[in-house]
Each structure stands twice: as structure tokens, then as C-alpha cells.
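**Student:** Sharing a structure here in C-alpha cells format.
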Amino acid sequence: MSAKLQPLEAVLDPAGIVTEPAAMAPYLSDWRGRRHGRAQAILRPRTVEEVSAIMRWATQTRTPVVPQGGNTGLSGGATPDGSGEAIMLSLGRLNQIRSVDVLGDTLVAEAGCVLTDVQRAATEADRLFPLSLGSEGSCQIGGIVATNAGGINVIRYGTVRDLVLGLEFVQADGAVIRGLKPLRKDNAGYALRDMLIGSEGTLGIITAAAFKLFARPSVSATALCGFASPAAALQVLHRLRSVAGARISSFELMCDAEMGLTLALVPTTTLPLGERHPWYGFIEIADSDREADVERILTEVLGAALEAEVLTDAVIASSEAQAQAIWTIRLAVAEANRLAGPSVPHDTSVATADVPALITAVEQAAARCFPSARPLFVGHIGDGNIHVTLLFPKAEVPNAAAFAATAAAVNACVFDIVTRLGGSITAEHGIGHSLVGAFAQAAQPEALALMRRVKHAFDPLGILNPGAVLAA
Ligand SMILES: Cc1cc2nc3c(=O)[nH]c(=O)nc-3n(C[C@H](O)[C@H](O)[C@H](O)COP(=O)(O)OP(=O)(O)OC[C@H]3O[C@@H](n4cnc5c(N)ncnc54)[C@H](O)[C@@H]3O)c2cc1C
């Protein structure tokens, strides 16, 4: 171990300092395997006091710190640069559920808790923690707060920002901000909590969060639908909203090319519809009132949509296992895209009504500028958040350097379409390192300058995840 790291031996147990290259390797590449970095060490604190001591040491030694949770982020924000100067701060051992308050409907979890463990803790108390993502078995509380994660239930419960009541975090100089008050209303000063949510490790180290809980649904109905177009899917969403309102927990869209890839590459998936369709909708409505006949509501709305020829086909799950099978397809898409070959992914959002225009514009631009690429679309249509991916034939990508130029051209094309539609270049995955340049171009200069001043106020030495979100 280097002399610089030695003071940390007094702070962390032996398992808390990892310097052996093979043991460090999994922390140094991102989930997609696209970004690779180097670090002096992986530090694995077990307490807030240890995180604080590490940050005091980092400030004294001016060492860059890259926080990491489950390392499932899709913007490269949890991977250090190639200089080898940074330390990785892995929060996975800070993983206690501190409290579940059934009367107040709140839960406090430490940064390293895996999302499924938090969901389970809520379920055991007969409450619901509604955040659900394809990575929920690996992503951690610190990561989901730091990226303001979304997922499949945003249409009903909002993003992480809507679920967080309070935060505990450690500043760059080691000071601990103890903001875990589980208050529904708190107008005392600036909401530091909201600055940290979505800050991607650049403003502070999140050590715990207080969340809202909800009533568990007692009844639910799940459907997989076939549509002729995204516009038809929006029409069905509108019909369903008029009748089911806040009971809609999910309304997701997927194109047939994406469905084909998922069925081919992820063995746990099978199509419960008799035939393939150009577009698919994944719908769930639920209610905590066990008398609510959600299946009848869904059947009636989909039946009327079939009659009106807005909907082409639909299957309503007749058991929990069938509902699970439908959601397995939706949640397997990220894995299918990872396996499919060279691709350029995007996490766009536009006003919900503009989703069909976004998709048409990307299809036309892809046909014109990248004729060998297959455009893929999947996402949270109810939130206007569509993951656009251009998949290229393997034979066309001789090496990473050649592909980088293609990826830059695809990005420019998609970001131009999104900007013209008044949308965002990232809806839920964040800027990380992948989108720093694009963000600098897309953001209003005055807003960017203000963000730089905020960054400086939180992190005057620039040691917190340097180069992520804002260029270092
Ligand atoms: C299969 C799959 C499906 C996915 N589906 C969705 C989806 O539907 N919706 C969605 O929003 N995202 C989705 N994601 C992206 C990803 O899971 C989320 O961004 C998640 O919130 C990241 O959590 P993590 O713990 O893995 O964070 P990491 O990847 O470890 O880190 C992400 C960012 O947060 C920072 N960070 C991590 N922990 C802390 C901390 N304690 N304090 C401060 N900063 C920290 C890191 O520095 C980095 O910038 C998906 C990813 C995969 C692989």
C-alpha cells in the first residue's frame, strides 16, 4: 500500500481497503463495459463516521473521490478516469435499514442497501416502496438517489425525487449534514436534499435517505397489448387515464425490433400474445381497495379500444405468474441490448404528446444517415421517456475508435431531434461522463454557469467525482 493511503488503515478494517488489481477490477468498468478507469484503491466504509474520515483525508491530500453504489449506472458516472489518482468509495457495506415507521409511512435506509432489500423491508411492514427498475437486484439507495432514478412506476409515484423526504450526506471536507427528518412539510431554508438528488456524486456522499412509503396494492391487473403505432398507444393511455386515473401504475412502450431481440437473447422471456405487432404496451393498474374491480376496468377499456380499432391485440394476465412473465420481458430489455452488439443508446424525454413525433423523426433520420443501423425504442411512454438505441451490425464496427466517430454522429443527430422538440437528452440515467459534452452544448449558458457556482460551493477543491456532469 502506498504511503499516501496508510493513514486510512487507522480508519477502515482490512477488508475496507482494496488495492489488489484483480479485486479492484469489477469496480473500475461500467455496467455496459464501455468506460474503464484506474484508481489508487477501493475504500469500503461501514459507517458514516468512516465516510467522514475518508473525506477529511481526501480533502487534506486533495485526492479525487468517485462514489459507487451497485455500479449499474448507464452514463459512466461511477467509473473513474484513467489517471489512477482517484479512490473509489464503494458504499455497499453501509447497508442497514435504520427504521420503518408504519404510522408515519416512512423508511430510512443507508446508501448501500440494495433496492430489492428496501422493497422487501417495506413489504414485511405491509407497506409499498414503489420504485422498480430492471437493475433493482443490484442498484443501491445511494445510487438511485444520486441519479434520481425513474423506472416503471413513475407514472403513478414519481421519480426518486418525489419519494425522498430527507437525506444524510457527507460533504467534501468530511462534515456530515444530518437531514434525515422524515417531514412531509419543511420550509426551513434551502432544500439541500434536492441539490443532492440527481447530483451523481459531484456534490456530496449520500449515506442514508428517508423515504415515503405507500399502501400496498391489494388488487392489480396487468396486460400486454399490441398496437399499430405509438400514437395508438397514447390514445389507449388517454382512455385508461379517464377511467382508472391514479390507479395506473405503469404504461410502457416497446417496438417490435426490441421485442424480437429480447425474446431471442434473454431465455427467460416468452411472448404471451398469439402474434407479433409493430408496437407493444405493458400496462398495470392497481388499487389498495380489494373491492376495486381493476380487472373489469382494464378489460372494459381495452375492449372498447379494440372495438374502436385503436388497439390491435391484448392479453390480460390471469395469474400472478402470467403478470410476472409480462414484466420479465419489459425488465430484460437492457440486458438484451447489452448482448445485441454495437449500439448507441439514448435516454430521451419529450412532452408525452410528442413521443410519436420523436420516434418518427429518429426513424427517418436513421434511414437517411445510418441505413445499416436498426432503431430500437422502449420506455416509459406515460412519462414521455423513450430509450432510443441505434443497433449496428457487428461486421460494420472494426474497432472501438472507428465506432466512436459513428456514435458521435448518432448522438448529434438524436440530440438535435430532442432539442428541436424541446426535450431532454437524459430523462433518468443522468449525465455521468458520457453526456458531459452534449450537456454543455444543450444547456442554457447562464444555467450552466450557475451550476458551476453551486458545484464550487459544495466542493471547492473539485475532488468529488471530477469530470462527471460538468467538465472538470
Ligand atoms: C438492467 C438495467 C435496467 C435499468 N433500468 C433503469 C430504469 O428503468 N430507470 C432508471 O432510472 N435507471 C435504470 N437503470 C440505471 C441504473 O440502475 C440507475 O441509474 C441506478 O439508479 C444506479 O444505481 P447504482 O447504485 O448502481 O449507482 P452507480 O452506478 O454505482 O452510480 C451511479 C451514479 O451515482 C453516484 N453515486 C452512487 N452512490 C452514491 C452515493 N452514495 N453518494 C453520492 N453519489 C453516489 C455515482 O458516482 C454515479 O455518478 C438501469 C440499469 C440497468 C443495468
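The values are calculated or read from the model by the stated rules, or taken from the named source; none is laboratory data. Computed from a predicted structure; not experimentally measured. With ideal geometry, Cβ positions are generated from the backbone for all residues, glycine too; neighbour counts draw on all protein chains shown.
**Student:** Return the residue satisfying two criteria in turn: it lies in segment 166-215 and is modelled with pLDDT of 95 or more and of a type in the set (S, T, N, Q), and of such residues it is nearest to residue 80 (Cα to Cα).
**Tutor:** Applying the filter and picking the extreme gives 202.
**Student:** At pLDDT 95 or above, within 16 Å of the ligand (Cβ to nearest atom), assigned to a loop (DSSP other than H, G, I, E, B) and in the same structural domain as residue 226 (by TED's automatic domain parsing): does that describe residue 328?
**Tutor:** The answer is no for residue 328.
**Student:** If you go through segment 71-89 one residue at a time, do you hit one that is assigned to a strand (DSSP E or B), closer than 28 Å to residue 182 by Cα, polar (S, T, N, Q) and within 16 Å of the ligand (Cβ to nearest atom)?
**Tutor:** Taking every residue of segment 71-89 in turn, none turns out to be assigned to a strand (DSSP E or B), closer than 28 Å to residue 182 by Cα, polar (S, T, N, Q) and within 16 Å of the ligand (Cβ to nearest atom).
**Student:** Also: Select from segment 157-175 the residues that are in contact with a Pro (Cβ under 7 Å, 6 or more places away or on another chain) and either outside the structural domain of residue 211 (by TED's automatic domain parsing) or not hydrophobic (A, V, I, L, M, F, W, C) (or both) and write down the one among them that is nearest to the ligand (Cβ to nearest atom).
**Tutor:** Checking each candidate, the answer is 157.
**Student:** Shifting gears a bit: Of (1) farther than 24 Å from residue 461 by Cβ; (2) touching a helix residue (DSSP H, G or I) at 6+ places or on another chain (Cβ under 7 Å); (3) hydrophobic (A, V, I, L, M, F, W, C), residue 167 satisfies all except one. Which?
**Tutor:** (1)
**Student:** Here are some conditions: (1) surrounded by fewer than 24 Cβ atoms within 10 Å (Cβ to Cβ); (2) part of a loop (DSSP other than H, G, I, E, B). Residue 150 meets all but one. Which one does it not meet?
**Tutor:** If we test residue 150 against (1) surrounded by fewer than 24 Cβ atoms within 10 Å (Cβ to Cβ); (2) part of a loop (DSSP other than H, G, I, E, B), just (1) comes out false.
**Student:** Still on this structure: Yes or no: segment 348-355 includes at least one residue that is part of a strand (DSSP E or B) and closer than 21 Å to residue 261 by Cβ.
**Tutor:** Checked against the condition, which is being part of a strand (DSSP E or B) and closer than 21 Å to residue 261 by Cβ, segment 348-355 yields at least one hit.
**Student:** Given 116, 72, 63, 106, which one is β-branched (Val, Ile, Thr) and within 21 Å of residue 472 (Cα to Cα)?
**Tutor:** So the residue among 116, 72, 63, 106 that is β-branched (Val, Ile, Thr) and within 21 Å of residue 472 (Cα to Cα) is 63.
**Student:** Next question, about the same structure. Scanning segment 96-116 for residues that are surrounded by fewer than 18 Cβ atoms within 10 Å (Cβ to Cβ) and within 16 Å of the ligand (Cβ to nearest atom), which turns out nearest to the chain's Cα centre (by Cα)?
**Tutor:** By that ranking, first place goes to 116.
**Student:** Give the residues of segment 74-114 that are of a type in the set (Asp, Glu) and at negative phi, sorted by residue number.
**Tutor:** The answer is 81, 85, 101, 110.
**Student:** In segment 1-31, what residues are part of a helix (DSSP H, G or I) and touching a residue at least 12 places away in the same chain (Cβ under 8 Å)?
**Tutor:** Those that are part of a helix (DSSP H, G or I) and touching a residue at least 12 places away in the same chain (Cβ under 8 Å): 7, 8, 15, 16, 23, 24, 26, 27.
**Student:** Look at residue 90 and say whether it is hydroxyl-bearing (Ser, Thr, Tyr) and out of contact with any helix residue (DSSP H, G or I) (no Cβ under 8 Å at 6 or more places or on another chain).
**Tutor:** In short, no.
**Student:** Being part of a loop (DSSP other than H, G, I, E, B), more than 27 Å from the chain's Cα centre (by Cα), buried (at least 16 other Cβ atoms within 10 Å of the Cβ) and not hydroxyl-bearing (Ser, Thr, Tyr) is the filter here, so list the residues in segment 32-66 that pass it.
**Tutor:** Within segment 32-66, 40 is the sole residue that qualifies.
**Student:** Out of 410, 469, which single residue is touching a residue at least 40 places away in the same chain (Cβ under 8 Å) and under 18 Å from residue 205 (Cβ atoms)?
**Tutor:** 469
**Student:** Residue 29 passes all but one of (1) within 27 Å of the chain's Cα centre (by Cα); (2) closer than 29 Å to residue 178 by Cα; which number fails?
**Tutor:** (2)
**Student:** If I ask for residues that are farther than 18 Å from residue 35 by Cβ, more than 11 Å from the ligand (Cβ to nearest atom) and of a type outside the set (Val, Ile, Thr), which ones from segment 415-436 would you list?
**Tutor:** Listed by number, the residues that qualify are 415, 416, 420, 421, 422, 423, 424.
**Student:** Among the residues in segment 131-149, are any modelled with pLDDT of 95 or more and away from the ligand (no atom under 11 Å from the Cβ)?
**Tutor:** Checked segment 131-149: no residue is modelled with pLDDT of 95 or more and away from the ligand (no atom under 11 Å from the Cβ).
Residues are listed down the side, and each one gets a yes or a no for (1) exposed (fewer than 13 other Cβ atoms within 10 Å of the Cβ); (2) assigned to a loop (DSSP other than H, G, I, E, B); (3) outside the structural domain of residue 205 (by TED's automatic domain parsing):
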{"residue": "398", "(1), (2), (3)": "yes, yes, yes"}
{"residue": "407", "(1), (2), (3)": "no, no, yes"}
{"residue": "414", "(1), (2), (3)": "no, no, yes"}
{"residue": "470", "(1), (2), (3)": "no, yes, yes"}
